[in-house]
1. What is the magnitude of the charge dipole of the stretch 1-160 about its Cα centre, with +1 placed on the Cβ of each Lys and Arg, -1 on the Cβ of each Asp and Glu, and no other charges, expressed in debye to the nearest 20?
2. Taking the solvent-accessible surface of protein heavy atoms with a 1.4 Å probe, what is the per residue accessible area of the chain in Å²?
3. Among Ile129, Ile44, what's the order by accessible area (1.4 angstrom probe), most exposed first?
4. Which order do Val36, Val79 take by accessible area at a 1.4 Å probe, largest first?
5. How large, in percent, is the carbon and sulfur part of the accessible surface of the chain at a probe radius of 1.4 Å?
6. What list of ³J(HN,Hα) values in whole Hz, one per residue of the stretch 176-190 in order, does the Karplus curve 6.51 cos²θ - 1.76 cosθ + 1.60 (θ = phi - 60°) give from phi, with Gly and Pro shown as x?
7. Give the shape of the stretch 6-74 as rounded, prolate or oblate, defined through the alpha-carbon gyration tensor: a ≥ b ≥ c are the square roots of its eigenvalues, a/c under 1.5 means rounded, and otherwise the shape is prolate if a/b is larger than b/c and oblate if not.
8. Could you grab the relative contact order for the chain? Cα pairs under 8 Å, six or more apart, rounded to a whole percent.
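The values are calculated or read from the model by the stated rules, or taken from the named source; none is laboratory data. None of these values were measured; they are calculated from a predicted model. Positions of Cβ are generated from backbone atoms using ideal geometry, with glycine treated the same way; all protein chains shown enter the neighbour counts. Ligands, DNA and RNA are stripped out before the accessible areas are found, and what is left, the full protein with its side chains, is counted by its heavy atoms. Shrake-Rupley method; radii C 1.70, N 1.55, O 1.52, S 1.80 Å.
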Amino acid sequence: PPGTGKTATAEALAYELGRPIIVADYAKIQNCYVGVTEKNIVRIFQEAQRKKAERFWDEADAMLYDRDDASQNWEVRDVNVILQEIERFEGVCILATNRRRNLDKALARRISMQVEFPRPQTAAERLRIWQAILPAKLPRASDVDLELLAHEDLSGGEIKNVLLNAARFAAARGEAEAKLTFVDFDQAVRWELRVRQERHKPIGFE
């Protein structure tokens with residue numbers, strides 16, 4: 001699911017391996033001219049190989065979708081080239097997706113490890129995220145209760161959003177040394193839950 005730490009894990013792995021990370025930029029890969037997209041795919045894998053970099057494909061389903069669902073020949077060719085390059089690549093290649101079912105079936109045999117990232121299930125898990133994500137120097141009031149905040153059903157990405165919005169609410173008060181209060185966090189939590197609810201509403205008319 002979104003916000004569960006897939007990108008953060010890819011970045012952490014690159015850091016632990018002491019390697020640079022090259023993230024696939026679909027805007028620079030895809031091209032309207034025949035054959036150029038395939039050349040771009042080959043080029044970025046060669047670049048990663050040359051730099052001994054970790055190759056990271058976020059939202060991998062955007063280009064590695066199931067070829068059975070393709071409507072154009074060039075779509076099939078693009079997926080073919082990516083699959084070939086993944087198989088040849090001698091470094092670390094990580095793919096992340098929220099839509100596992102949309103991925104091409106042939107990808108499975110080219111992946112040495114598949115990891116599912118569930119939402120945090122318990123308050124204890126969420127508390128660990130809160131403790132890890134809050135900067136030590138962040139000025140916060142004594143009434144901020146992380147254990148209480150951890151009872152809210154939030155993913156890691158949503159907790160990050162709450163922190164950023166709480167900081168904005170505190171800054172908006174215009175105080176010289178604004179401290180984040182529990183009210184700031186509570187307001188930010190309500191905001192994030194409302195955004196999540198809006199995100200899951202169907203688009204269209206009944």
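1. 580
2. That works out to 66 Å² per residue.
3. Correct descending sequence by accessible area is Ile129, Ile44.
4. Final ranking, largest accessible area leading: Val36, Val79.
5. 52
6. 4, 10, 5, 9, 6, 9, 4, 4, 4, 5, 4, 5, 5, 5, 4
7. oblate
8. Answer for the chain is 20 percent.
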